[in-house]
Amino acid sequence: MHDRRSRLPRLAAAVATVLSLSLAPPLLAQKGTAAGEQQAAFQMSPAWRTFLAERGGEWRIDWCAATGTPRAIYGTGLDLADWRGNTLDEARRQAHQLLRDQAELLRLGTSDFRETIGSRMGRTWSFVFDQFHAGLPVIGGRADVRVSMRGRIAMFGSTAWQIPANFGTTPTIDGDTALALAWQALGEVATDAPQAKVPAAPRLVIWGDVHAATPGTVHLAWECAIRNVDRNGKGSIGRSYVDATNGQVLQFVSDKHECGFAGCNLGTEPATPTAAAATSHAPLAAPVLTTVTVRGWTRTGNDALDPLVDTPLPGIELNVPGIGVVTTNASGQVQIDIASPVTITLNGLDGRHHALVSGSDQPNGSWNVNPGVATTITLLTSGATPQQAAHTTVSWWTDRTNEFVRSILGNTPQLTTASAMTVTVNIADTCNAYYTGNSINFFAAGGGCSNTAFSTVVAHEWGHGLDDRYGGISNSNAEGVSEGWGDIIGMYLVDSPLLGSGFSSPGVALRRGDNNFVWPYSTNAPHAAGQVWMGFAWRLRQNLRTAFGTTQALAISNDIVIGSIVADATTRVDAVREVFVADDDDGN
């Protein structure tokens, strides 16, 4: 996989951990099972035999039992004779050509595969294509191509549903009926609380359970959005899939991703000239560059019970009369040109990476700023309540998490969307936090739990949003990939194996990266399942640290682990494989 003279040591230090924790052995046909018969037939197929005869080399196949397709083919790699240079556009051209050339091998059929993610992933270009059939989105259907920056196909595969060309796409029940059936199956009473977002209208899709362990079938279905959160943050948010021909409720997928505790722009205001200024013929005063600093008493420590610290608040948006909206820098400062005094008013915290933080106990006030006189706006005091400090703390950690991930992935369109994240604190319940629909939500202190708007819990929920941006949440109970992603973002951000430290007791974490969860650990609890993936990520970083020191370990693990989120892995094994593909330097 690497040039032994230079590249091999990058993961050699971690390979034993990887193999024991998470990387599945080559998938062999299981005789006597339908999936095994699928695999055996594939390995005997003319398409596979032709591929081997033409390409040679050694290959590994990871199989998707539900769709009966090779979800990943990798090994020796495929040389690209027509490689025209290491650019995203060139890699994209090669990826699209690969799907055309290997359509039969990947069993793409008559469906259409549309690129949804194309991005750098470590030393590889990663492309994800979503499946459409007769113009309808096919839930879980996709194709993947990874192109090494050395000009070689490093991996390709598909989880493509086998949909007959004559598959019926005309529903016999309408969307409203399907929605009523979805609500009936949910078994909840509709709340009278206003919802943060109006549910989308039912849409027609083709649905199948891509995580099924046995060959599956597809259904024409209505995807029905459900939003039923009460004023205390309880209730369902998600999507129900209802068979569009017989009304059977096929599946409910939650879009409310909780922390997993057990038990648990204002417009520019023009300056108004005074009467004297309006009538005077005296020259106007020249604007003077004036520094304004925004600070706040904030819980910057990793533990929920760490003391408040008076710290600069980066990324805060201030509306300055006569100037407009300005944003504080990393030092919490802005410089404004003013010729006369202005009054800056704050009613809550709005930021470059989040919308106005909502919830009780918003910080507010007005501060007079005189030309040339440096002014500091200090929010709260050292004696601020947990409810008050939730605002400064959630703003500080949301901004820090976004900036951290930008330093790895770049200023992508996905992170632009993440910067519009809505944030709510001090929800009138306890011991929980959740992500849904580009919003993160945190509960008040009580019930033996801290206020949940702190450090790695903020980063965890934000991490669900990052996963959502890159292909949607992947969080089946058996895999828990998105829960692992949330934990990884939190642990990597603070460089600590403790996730949710101080949630209920000082120094005690909700979950730990230095855990004993190993693949193929199986459970119906996604937070527990996700600890296999997050445990791999933490041990990888630790082993790299031992081999190369902290600076290189952080740089490498950030790049190949967090960078691999663009591959939109849906299983823990896939997630680990993508880390190896991201680190690989030659596509072999």
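The values are calculated or read from the model by the stated rules, or taken from the named source; none is laboratory data. Model, not experiment: these values are computed from the prediction. With ideal geometry, Cβ positions are generated from the backbone for all residues, glycine too; neighbour counts draw on all protein chains shown. Note: areas computed on protein heavy atoms with side chains; ligands, DNA, RNA excluded. Shrake-Rupley method; radii C 1.70, N 1.55, O 1.52, S 1.80 Å.
You will find that of Arg511, Arg577, Arg539, the residue that is surrounded by 21 or more Cβ atoms within 10 Å (Cβ to Cβ), among the charged types (D, E, K, R) and in contact with a Ser or Thr (Cβ under 7 Å, 6 or more places away or on another chain) is Arg539 and no other.
Could you check, for the range 159-176, whether at least one of its residues is in a strand (DSSP E or B) and within 28 Å of the chain's Cα centre (by Cα)? Yes, the range 159-176 contains at least one residue that is in a strand (DSSP E or B) and within 28 Å of the chain's Cα centre (by Cα). Of the residues screened, Ser360 is not one that is touching a Phe, Trp or Tyr at 6+ places or on another chain (Cβ under 8 Å) and either of a type in the set (A, V, I, L, M, F, W, C) or assigned to a loop (DSSP other than H, G, I, E, B) (or both). Inside the range 353-374, can you point out the residues that are loosely packed, with under 15 Cβ neighbours inside 10 Å and not small (Gly, Ala, Ser)? Once the filter is applied, which keeps residues that are loosely packed, with under 15 Cβ neighbours inside 10 Å and not small (Gly, Ala, Ser), the range 353-374 yields Asn364, Asn368, Asn370, Val373. Among the residues making up the range 492-508, those that are crowded, with 24+ Cβ neighbours inside 10 Å and in a loop (DSSP other than H, G, I, E, B) are Gly500, Ser501, Gly502, Phe503. Of the residues screened, Ser476 is one that is closer than 20 Å to Val128 by Cα, part of a loop (DSSP other than H, G, I, E, B), open to solvent by 10 Å² or more (accessible area, probe 1.4 Å) and of a type in the set (S, T, N, Q).
Of everything in the range 57-86 that is polar (S, T, N, Q) and crowded, with 22+ Cβ neighbours inside 10 Å, the residue that is nearest to Gln43 (Cα to Cα) is Thr69.
Name every residue in the range 87-113 that is in a helix (DSSP H, G or I), of a type outside the set (D, E, K, R) and surrounded by fewer than 17 Cβ atoms within 10 Å (Cβ to Cβ), in order of residue number. Once the filter is applied, which keeps residues that are in a helix (DSSP H, G or I), of a type outside the set (D, E, K, R) and surrounded by fewer than 17 Cβ atoms within 10 Å (Cβ to Cβ), the range 87-113 yields Leu88, His96, Gln97.
Residue-by-condition table, conditions (1) under 22 Å from the mean Cα position of the chain (by Cα); (2) at pLDDT below 90; (3) assigned to a strand (DSSP E or B):
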{"position": "Val189", "(1), (2), (3)": "no, yes, no"}
{"position": "Ala212", "(1), (2), (3)": "no, no, no"}
{"position": "Cys224", "(1), (2), (3)": "no, no, yes"}
{"position": "Arg231", "(1), (2), (3)": "no, yes, no"}
{"position": "Asn246", "(1), (2), (3)": "no, no, no"}
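Every test in (1) at pLDDT below 95; (2) out of contact with any Gly (no Cβ under 7 Å at 6 or more places or on another chain) is passed by Ser419 save one, and that test is (1). Would you confirm, using the coordinates I've provided, whether Ile489 is outside any helix (DSSP H, G or I) and under 11 Å from the mean Cα position of the chain (by Cα)? It is false that Ile489 is outside any helix (DSSP H, G or I) and under 11 Å from the mean Cα position of the chain (by Cα). Looking at Thr159, Thr177, just one residue is open to solvent by 10 Å² or more (accessible area, probe 1.4 Å) and either within 28 Å of Thr76 (Cα to Cα) or touching a Leu at 6+ places or on another chain (Cβ under 6 Å) (or both), and that residue is Thr159.
Among the criteria (1) on the phi > 0 side of the Ramachandran plot; (2) in a helix (DSSP H, G or I), the one Ser482 does not fulfil is (1).
Of all residues in the range 387-439, those satisfying the criterion of being of a type in the set (D, E, K, R) and open to solvent by 10 Å² or more (accessible area, probe 1.4 Å) are Arg400, Glu403, Arg406, Asp429.
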